[in-house]
Amino acid sequence: MATEETLVLIKPDGNKRRLTGLVIDRLDASGLELVAAKMVSVSESLAKEHYALLSDKPFFPNLIRYIRGEFHGFKDHRILALVYRGENAIKKTREVTGATNPEQAAPGTIRGSFGRITTDGQFENVIHASGDAADAAREVALWFKPEEILPRG
Ligand code: IDP
Ligand code: MG
């Protein structure tokens, strides 16, 4: 298995509920290496590009508002973006993350422990993690310049 890189975003609910350290701790425990990190002010165009494959979904407009921090009071649209590297990094990160629907996410996963569905149906699932190799390559390149990522040792 080749070394992979994958994108993680701590979503605005994770930030607001002070889960950043916990998320990083869980990912550290998985043995992956943190190779890039930055706070990003998420523009509407970045949000729409990130979620381009979901643009026909009914929840898409709310998803854009969610990832831009509009539900959680972040007027500067702040989010923490991270890149993890390691063997099987995409699958390992998804396992720690848990299922998309926080009510179906396994206990002990980040989403199973801390996610929720709001009364109006919005999934608040704490983090984003790239779903597969194609998504990971596209998303890492969308959020980070090559020189912002530590070189492979
Ligand atoms: P993922 O984040 O587990 O990869 P995707 O299917 O790629 O899941 O969806 C991206 C994001 O869109 C989810 O993390 C969640 O915030 C939102 N989402 C996906 N499906 C639903 C839904 O059925 N209702 C509300 N929000 C959803
Ligand atoms: Mg996805």
*Being of a type in the set (Val, Ile, Thr), out of contact with any Pro (no Cβ under 9 Å at 6 or more places or on another chain) and within 11 Å of ligand 1 (Cβ to nearest atom) is the filter here, so list the residues in the stretch 111-139 that pass it.*
Thr118, Ile127
_First in the stretch 88-104 and over 26 Å from Thr3 (Cβ atoms), second anywhere and more than 12 Å from ligand 1 (Cβ to nearest atom) and not in a loop (DSSP other than H, G, I, E, B), Cβ under 6 Å, 6 or more apart_ = none
_Please verify whether Glu124 is within 16 Å of ligand 2 (Cβ to nearest atom) and open to solvent by less than 40 Å² (accessible area, probe 1.4 Å), treating the condition exactly as stated._
yes
_So for the stretch 33-46 (the condition being under 13 Å from the mean Cα position of the chain (by Cα), at pLDDT 95 or above, open to solvent by less than 50 Å² (accessible area, probe 1.4 Å) and within 15 Å of ligand 2 (Cβ to nearest atom)), does at least one residue qualify?_
no
_Which numbered condition Val140 fails, given (1) open to solvent by less than 70 Å² (accessible area, probe 1.4 Å); (2) farther than 18 Å from Glu87 by Cβ; (3) within 16 Å of ligand 2 (Cβ to nearest atom); (4) not in a strand (DSSP E or B)_ = (2)
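The values are calculated or read from the model by the stated rules, or taken from the named source; none is laboratory data. These numbers come from a predicted model, not from an experiment. Cβ coordinates were reconstructed from backbone atoms using ideal geometry, including for glycine residues, and neighbour counts include every protein chain displayed. These accessible areas exclude ligands, DNA and RNA; they are computed on the full protein's heavy atoms, side chains included. Shrake-Rupley method; radii C 1.70, N 1.55, O 1.52, S 1.80 Å.
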